[in-house]
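Have a look at the structure below, then the notes.
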């Protein structure tokens, strides 16, 4: 197979709060090395001066890997793991501190809202500008123009300066340009999260089509379902270090098993500042249990118990509680209310704790988020509302699952009773 990206011992350091090296001579040395295409001599890890008061953040640490032509590589990791820094280096937006990389072929990058377009130019002008940057002539760009505009859905505003676009419009056009101008390598960061769900699915379909044409894709997303659906290989980054490189399903599984914040599976909800409501009642504590043990890791078919505590700042009658279940990309899967289970809460005076048990947890492997709402069952006056305040993992490995789960399995794992009736 033809290697199109080769990364060797790549590291990237930032000196927080500092611009330049501290002396004119070192700045000149760095400039001269850059002119000759050499490594910056001031940034080699073994000779950096870590002077008192200078905080150095190492975004990437000794990363090495290769990508072959036609690979669809998912780069996974928590916020701050180094994913975006790695893509910026490969896209030549920034330079590495140490190490080398080689890229063979035209590369189109969609890294963040605002990258790649000139804000004063119209959508039409930016399409031609991006095509020229990729080395395409005017006729080649014209042949793709209608397809790009149709895909983006911004035809009405194509002659408007993009600085007046909403973030969703901007991303739709930027993705359409990057995907349709036929780069050999397509690099897509988390920006697809800005668009609506239908456009995200449209983008995933287009990237799948691009990959089938033998082009290479590097994809960063927190949406593990999309990652599993599109990619064949995954690299997992943790604190700037590569900790896994292999099959995408194994990469996702390892990411999910380590993705929950160390504060879980027990959460002090009173500390959560991102809440709405009158405050007469407040969610105070959440504990997540698996088989009577505190845990936020489950396999398909296991039982999950939530122990939810509520503190009354004012004695309150006739109460309704709802639990919001979200996918990791914050798409709502279910809204579960106590009254749907014929469980009624008449009165809370000081503190109360409730057990909510979910038997046979039939969710696909993924990280899921929880939110909570409490209100008057009579007037619907909201007392407290928390969004995305807790998380739990569903992992593969259940003896109930006798097959390899499909990449496009969705969110719910259902096993109805089957009968032959004719």
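Bear in mind these aren't lab numbers, they're just calculated from the coordinates by the rules spelled out. For clarity, every value in this text was computed on a predicted model and none was experimentally measured. Positions of Cβ are backbone-derived with ideal geometry, glycine not excepted, and every protein chain shown enters the neighbour counts.
Just subtract the alpha-carbon distance of residue 104 and residue 247 from 0.36 nm times their residue separation and send over the number in nm, one decimal. Here the segment from residue 104 to residue 247 would lengthen by 49.1 nm. Taking packing as the residue-averaged number of other Cβ atoms within 10 angstrom, the listed peptides 349-359, 3-13 run from highest to lowest as 3-13, 349-359. Model label sites at residue 132 and residue 150, defined 7 Å from Cα along the beta-carbon direction, differ in position by 2.7 nm. Here the scattering of the range 65-172 is modelled by Debye summation over its C-alpha atoms, one equal scatterer each and no solvent; at q = 0.14, 0.18, 0.19 Å⁻¹ the log10 of I(q)/I(0) is -0.71, -1.06, -1.13. Mind giving me the FRET efficiency for residue 356 and residue 69? R0 is 56 Å, r the Cβ-Cβ distance, nearest 0.05 is fine. The computed FRET efficiency comes out at 0.65.
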